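What follows is calculated from the coordinates using simple rules that are stated; it is not laboratory data. Computed from a predicted structure; not experimentally measured.
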Amino acid sequence: MKADPPAAAPGLRERKKLRTRRSIQHHALRLFAAHGYEQTTVEQIAAAAEVSPSTFFRYYPTKEDVVLSDEYDPMLAAAVRDRPADEKPLLAVHNAMMSLMPQMVAETAQDTRERMRLALSVPALRGRIIQGTAETTRLIAGALAERAGRRTPEYEDEAVAAAYVGVAAVAMLRWAEADHELDPGELLERAVTALRTGL
């Protein structure tokens with residue numbers, strides 16, 4: 001059987017946009033750690049990242065979004081859609097996530113940890129976590145439906161997506177809050193194993 005061709009690498013423009021996006025977020029997190037979330041302004045973040053405030057808002061509609069947003073949800077949905085059709089839905093989502101884990105850890109691990117700690121400690125951000133979780137669940141459910149050849153998610157797709165997002169949140173929060181280095185992939189494996197054996 002002929003292997004599928006590798007996915008095309010992102011173009012120069014897409015790579016530049018991603019670098020700018022991550023630079024803004026990294027400088028924002030650095031300033032939040034140094035001066036506090038509430039005390040840091042968008043103008044200060046933009047200046048540190050050497051972009052204009054209008055450029056900041058092109059990448060992040062609000063200051064809250066610079067903490068809560070990343071590019072991995074769409075990547076996860078795409079990875080779920082690409083999983084083999086005979087793979088059980090929960091396993092398909094988990095294998096898709098684990099395929100992205102090395103990239104996520106290599107590229108943004110420290111910033112991700114800081115983002116999660118901020119989201120838990122700042123009241124204005126905690127309320128947005130629920131909204132973000134719901135959006136992630138909808139994306140995964142939609143990807144599961146597409147993978148099965150359906151145009152819209154069924155209740156079962158939503159249930160599997162919600163269950164996975166729940167155990168992933170437990171794993172990632174344990175990783176973010178630990179006072180020593182933990183392996184997020186191992187924590188996620190343990191959380192999914194607990195879910196599967198508990199059913």
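Name the helices (complete DSSP H segments) of the chain with a Cα length along the long axis of 15 Å or more and a Kyte-Doolittle mean of at least -0.5, or state none. Mind showing how you got there, number by number?
On the way: long enough: 12-35 (34 Å, -1.04); 89-121 (33 Å, 0.06); 123-147 (37 Å, 0.02); 155-177 (33 Å, 0.63); 184-198 (21 Å, -0.04).
Membrane-span-like by this rule: 89-121, 123-147, 155-177, 184-198.
For the chain, what is the relative contact order in percent, using Cα pairs closer than 8 Å and at least 6 residues apart in sequence? With pairs under 8 Å counted, the relative contact order is 17 percent.
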